[in-house]
Amino acid sequence: MAAPATLQAAREVGDLPPAMVLPLPQSSPIVLAIQSLLSELDLYHGSLDGRTSAALSDSIRLHQKGWGLSQDGRATEDLLQHLEMVVGMRRIDRRLGAAREEQIGAARRLLLEHPATRELWREGKAAPSPAVGTDSALCLDDPSVRCLLSHALGAALRAPEGQMRDWALGDVVAVYAKAGWSGEALAAASGLADPRSLMAALEAIVRGLAESGDSDAALAALEVIPDPPRRADALLAVIQGQIEEHDSTRARENLRHLAGHVGGLSAPHLQVALLARMAELAARIGDGEAAQDWIAEARHLLIGASAEMRAVGHAMIAASLAALDRPAEAAGELERVDDALTRVAAQMALAESQLRAGQADQALVTLERIESPRYRVVALCRLAIAMAASQGRAPASTLLDQAAQAVDAIDLPFARAYAQSRLALARSEIGQPDQALAAAGRIEDPALRAQVYWALHDSPQGQEVAQDLPEAASRAIPDSFSRVWMFADLARARLKAGDREGAGGHWRRALDSSRPITDLWTRARAFAVLASLLIDLERFGRSRTR
């Protein structure tokens with residue numbers, strides 16, 4: 001029998017009778033879809049006719065080779081599913097890329113249009129050059145905020161350019177501001193490559209200055225932010241700091257000032273979120289009339305909004321009303337929200353508000369309506385701690401038993417580990433050290449497990465947890481930076497509890513954990529964390545000597 005190639009050649013020159021002309025392969029919708037997807041990936045340049053061919057098989061093999069698949073060249077349903085996944089990812093990546101470029105362009109325009117940031121965002125600007133030695137071990141042996149930040153800045157600027165470098169540099173900027181050094185913060189921010197990162201850094205400077213207690217400097221830095229939503233969020237941080245410093249007069253003035261700028265926000269949901277937060281802060285300083293007015297204004301903004309926007313807005317208002325201890329109104333607002341995930345934060349706030357109002361039964365009903373087990377566990381733990389303080393250990397323990405049953409229903413490993421960690425801490429908080437230790441042992445994530453073991457060791461019932469247990473768990477954490485971050489969090493928890501000695505122990509562990517870090521990006525972030533913690537330690541010491 002003649003070879004297929006010979007028959008085809010004979011057919012083309014007319015040497016075969018019509019009865020012997022070979023039929024074309026039958027068209028297949030699966031093959032057609034595969035041809036289209038391979039064409040979109042620029043791997044196939046033949047006809048889109050739904051028929052198999054040698055060219056199509058070669059294109060399939062090329063794709064299979066690139067993804068480490070068996071190179072059989074066959075057009076199958078499994079291949080089609082894989083191609084749909086690959087092309088879907090590429091389309092999402094293209095959309096994200098387009099959105100990213102649009103956001104970068106918008107941020108660049110805002111920076112260039114604002115006189116205060118035009119020079120800060122100058123294309124081709126030279127990065128700052130910190131005066132710092134290369135031996136960071138000397139700084140760790142005798143640490144100061146300034147030397148830690150200098151080394152952090154130096155490491156960030158030497159790191160390869162890209163999003164990770166900007167991330168590290170943004171951390172450094174925030175801590176410079178927290179130290180009260182706004183000039184150094186702005187100089188460091190000038191090294192950011194992405195205009196979006198610079199915009200975030202300008203907000204972080206205001207927040208850091210507010211945290212340092214210098215509200216005047218924070219308000220001055222506020223004028224540098226060209227983006228209205230970020231400027232509003234930053235001013236909220238200043239007002240929050242003024243309230244914590246018991247400066248209600250200036251907080252009230254700034255809230256009134258902020259109210260005049262709500263209309264400058266482009267989207268209704270941003271306006272509603274701002275008004276809801278303003279109402280909470282107004283209530284904290286005893287300005288109930290303003291709080292009520294801003295809640296009413298937020299509700300009015302939702303008239304005529306899309307269904308999705310109304311749901312988000314009503315959830316924000318419900319959470320605000322719950323924070324204002326108006327649970328009945330919050331519950332009514334929440335009834336307008338159908339989406340389960342949109343409701344969660346407001347449901348948690350409502351349950352706590354109901355408990356504060358002595359409505360424990362209603363609080364339990366609210367929590368039972370949280371559909372997602374990962375959020376329901378966290379909410380049950382928070383409510384149990386609050387209930388233990390008002391009603392005793394027995395009802396709180398019953399709630400935690402319910403939470404323990406719900407943990408196993410959580411599918412995502414880290415979410416399950418986090419929920420288990422909240423359960424362990426709640427057991428400890430209500431005075432169940434043995435159950436707390438058992439719950440901690442079931443935490444799957446090494447960093448979370450170690451952090452909870454340390455928290456249990458630091459608790460009033462800490463004699464139940466030998467120190468070698470959290471130490472061994474800490475060594476099981478796979479990377480040094482996670483240990484630095486964990487010990488910094490633990491140190492701040494001890495400061496909050498008034499335990500300077502315990503905080504100092506975790507500070508030393510954080511220092512030691514940072515020594516092996518050689519990667520520039522990670523070292524910059526670790527040293528920024530250490531500098532931030534040292535600021536907190538020094539402020540705590542000064543507050544005790546007043």
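Figures for the structure shown
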read-out: Cα gyration tensor shape of segment 230-362, rounded if a/c is under 1.5, else prolate or oblate by comparing a/b with b/c; value: oblate
read-out: Burial ordering of Cys381, Cys147, Cys139, fewest other beta-carbon atoms within 10 Å first; value: Cys147, Cys139, Cys381
read-out: Estimated inter-spin distance, Lys65 and Asp361, nm [label 7 Å along Cα→Cβ]; value: 7.3 nm
read-out: Descending Cα extents along the principal axes, segment 319-427, whole Å; value: 35, 33, 17
read-out: Listed peptides 418-429, 82-93 by packing density, highest first (mean Cβ within 10 Å); value: 418-429, 82-93
read-out: Spatial separation of Cα centroids for segment 450-479 and segment 194-230, in angstrom; value: 37 Å
read-out: GluC sites (Glu not before Pro) restricted to segment 262-355 and DSSP loop, no more than 13 other C-beta within 10 Å; value: Glu335
read-out: Computed Kirkwood radius, in angstrom, where 1/r is averaged over Cα pairs of the chain; value: 27.9 Å
read-out: Surrounding net charge for Asp171, when Lys and Arg each add one and Asp and Glu each subtract one, Cβ distance under 12 Å; value: +3
read-out: Pairwise centroid distance, computed over Cα atoms, of segment 61-85 with segment 383-417, Å; value: 47 Å
read-out: Per-residue Cβ neighbour rank within 10 angstrom, fewest leading, Ile443, Ile317; value: Ile443, Ile317
read-out: Sorted by Cβ neighbour density within 10 Å, fewest at the top, the residues Asp42, Asp287; value: Asp42, Asp287
read-out: Farthest positive-ward along segment 245-302 dipole, Cα basis, beta-carbon charges - from Leu302, Ile285, His246; value: Leu302
read-out: Sites Arg250 and Glu223, calculated FRET efficiency, Cβ-Cβ separation with R0 22 Å, nearest 0.05; value: 0.85
read-out: Surrounding net charge for Gln420, when Lys and Arg each add one and Asp and Glu each subtract one, Cβ distance under 10 Å; value: +1
read-out: The chain: Cys lacking any partner C-beta under 4.7 angstrom; value: Cys381
read-out: 0 to 90° range, to nearest 10: angle between helix 145-158 axis and the chain longest Cα axis; value: 10 degrees
read-out: Listed residues Ser36, Gly73, Met85: farthest to the positive end of the dipole of segment 26-113 (Cβ charges); value: Met85
read-out: Computed magnitude of the charge dipole of the chain (debye, nearest 20; Cβ of K, R +1, Cβ of D, E -1); value: 580 debye
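A short reminder: the numbers here are calculations on the coordinates, not readings from a lab. Since the model is a prediction, treat every value here as computed from it, not as a measurement. All Cβ positions, even for glycine, are placed from backbone atoms using ideal geometry, and neighbour counts span all protein chains on display.
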